[in-house]
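What follows draws every value from the coordinates through simple rules; no lab data is involved. Quick caveat, the model's predicted, so the values are computed rather than measured. Cβ placement follows ideal geometry from the backbone for every residue including glycine, while neighbour counts extend to all protein chains displayed.
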Ligand code: MN
């Protein structure tokens, strides 16, 4: 009897010890106090501690030629995106309560952000998100046709990929001045082509941006001058359809 009790004591003691150690281990490896940076954009746009970062481009500046020229890529990545990020980080530093939040949580609650920094978040946080997506959905070996479940969704929603591209280009002309054109998934699961002004994006309206193209002149003027349509036509040759398909799948989970 005594041996059995001692065994039980040891057994449960060890079990409790393992549970405690496991709990500590988990606490040190997951960010229990802050959101987990698991979305495709968060993993690129934020470090594991939540700090906003500009990940290296996954290809060289000249890798998307002839569709997007190296000079445009360099100025766009370093000057424009780099500038938005720098200002965004400064803005967040002014409000430590936002530290640790994901980009999606901040942009998705834009109307509840502190009024003194709301405009900066809209412009610079939006700019950081938009450009992070933009670099990720392009690749040197891109183009061709959509694949996977996304290809079916495009056909179901727009009739064909060709028709989708026509509507997308038409939307690019609807945006007067600087902005973005998007394919989004709305809350009801519908795919929709939209555009936004400045660095606004669909997350600010509760929609998930599956793909988007930058129609600010800084994105195309060096090579295409004022020919926005030619730029959009050429841009399809850079698309990383695997990434777009992955974003489409993610859009169904958020
Ligand atoms: Mn841009």
Highest-first arrangement of 150-163, 130-143, where packing means the average Cβ count within 10 Å: 130-143, 150-163
Protection-proxy order for peptides 68-75, 195-202, 220-227, each taking the mean of Cβ atoms within 10 Å per residue, highest first: 195-202, 68-75, 220-227
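Given the DSSP H assignment, sum -39500 (n - 2.57) over each helix run of at least 4 residues in the chain and divide by its residue total; what's the result at 222 nm in deg cm²/dmol, nearest 500? Please list the in-between numbers first.
Numbers: 11 runs with 116 residues, N = 254.
Mean residue ellipticity, 222 nm, calculated: -13500 deg cm²/dmol.
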Tilt relative to the chain, helix 2-29 - C-alpha long axis, 0 to 90 degrees, to 10: 20
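Could you compute the FRET efficiency for residue 38 and residue 70, with r as their C-beta to C-beta distance and R0 at 30 Å, rounded to 0.05? Present the calculation step by step, with values, prior to reporting the outcome.
On the way: r = 33 Å, r/R0 = 1.11.
Rounded to the nearest 0.05, the efficiency is 0.35.
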